[in-house]
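Participant: Next up is a structure, given as structure tokens.
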Amino acid sequence: MTSLPTIAKDTDGPSARVSRRGTPGGAAGQDGLRSALPLMLPALAIYAVFTLAPIALTLWLSFTDSRGLNTSASFVGLDNYARAGFDPIVWQSLGHTFLWLLYHLALAVGMGLGLALAIGRLKKTHVFFRTAFFLPHLVSLAVVGVIWANIYDPFYGLLNTALEHVGLGRWTQGWLSDPLLVLFSVNVASSWQGFGLYMLLFIAGLQNIDHSLYEAADIDGATAFQKLIYVTLPGLSEVMTFVVSLALINGLKGFATVFVMTDGGPFYQSELITTYIYRLAFSAQDHGLAAVLCILLSALAITITIVFNRWRARLSR
């Protein structure tokens, strides 16, 4: 009687088979890293040249008395940091930067939210209005500065001329020459360029709110204001946090509009940290102090981001 051939048993077990294939931290994982590293080298090189190297150079310049890359620079320690602490324009521009952020949040984010709520009610013309209000965002800030500088012109500008034609000539102002109005006036121009993006983000958030919530509110007899407070705004919470974080970043980058419209004047009343950095680096050739302010601006952006993210995490709990 012939015997049937026996089937070889797998005595190794699953763990042995896994070990033969290799674990992520084993030889196979190291082989994968070695094979991926050459593919990552071009991106790492670009990141090192255009990000890490400028950061290192800025740190080095902050400890020197550099007056330009083609001049000799000596190590001065913390002298530039001390100069920044005792420079009144630094503190003035820092205060203006915080005020600029508040203006941008109130104007750009406020206009974006208000227009999103208004356009969301339209049936047939919402595409036209979305396109029309988003168009300013496609214009560069330098061009926006030129346009609004002509609008604010005290003699032939559109704003003062319109006020005179409607009988409000006493309200005409030197919008860019009044120290109390200049920062707000320039921020209006900057917010006009930026609110369209925020509006589209809010419209996208409104479309994601469950309409059954509004139907339930109608059954309960809720007013339009109550639906706004208890349905719409809570439904926009995630979009709102994203828009605010984006507005904070855009606000800290405020430079082009101020530079084109006022160049920080009059008497530094519209000077921001960014415009003062430019003035120090390219007009005064004081690269050491300009580097210190670059580090200050970076630290400010990081601090605001951390505080905002923690506040958002608390709200989401």
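Participant: Among residues belonging to the stretch 119-165 that are of a type in the set (A, V, I, L, M, F, W, C) and assigned to a loop (DSSP other than H, G, I, E, B), point out the one that is most open to solvent (accessible area, probe 1.4 Å).
Facilitator: Phe155
Participant: Okay, moving on. For the stretch 70-87, name all the residues that are open to solvent by 60 Å² or more (accessible area, probe 1.4 Å) and within 30 Å of the chain's Cα centre (by Cα).
Facilitator: Tyr81, Arg83, Phe86
Participant: Mind telling me which of the residues Ile304, Ile295, Ile249 ends up being closer than 17 Å to Trp91 by Cα and in contact (Cβ under 8 Å) with a residue 40 or more places away in the chain?
Facilitator: Just a single option satisfies the conditions, and that option is Ile295.
Participant: Which one of these is surrounded by 12 or more Cβ atoms within 10 Å (Cβ to Cβ) and within 19 Å of Ser270 (Cα to Cα): Leu181, Leu200, Leu213?
Facilitator: Result: Leu181 is the single residue among Leu181, Leu200, Leu213 that is surrounded by 12 or more Cβ atoms within 10 Å (Cβ to Cβ) and within 19 Å of Ser270 (Cα to Cα).
Participant: With respect to Gly174, is the statement that it is open to solvent by less than 30 Å² (accessible area, probe 1.4 Å) and assigned to a loop (DSSP other than H, G, I, E, B) true?
Facilitator: Judged against the criteria, Gly174 is a match.
Participant: Now for a separate question. Taking the condition touching a Phe, Trp or Tyr at 6+ places or on another chain (Cβ under 9 Å) and open to solvent by 30 Å² or more (accessible area, probe 1.4 Å), does Leu246 pass?
Facilitator: The answer is yes for Leu246.
The values are calculated or read from the model by the stated rules, or taken from the named source; none is laboratory data. Predicted model only: the values in this text are computed from it and were never measured. Using ideal geometry, Cβ is built from the backbone for each residue, glycine included, and neighbour counts are taken over all protein chains shown. Areas reflect the complete protein model, heavy atoms only, side chains present, ligands, DNA and RNA absent. Shrake-Rupley method; radii C 1.70, N 1.55, O 1.52, S 1.80 Å.
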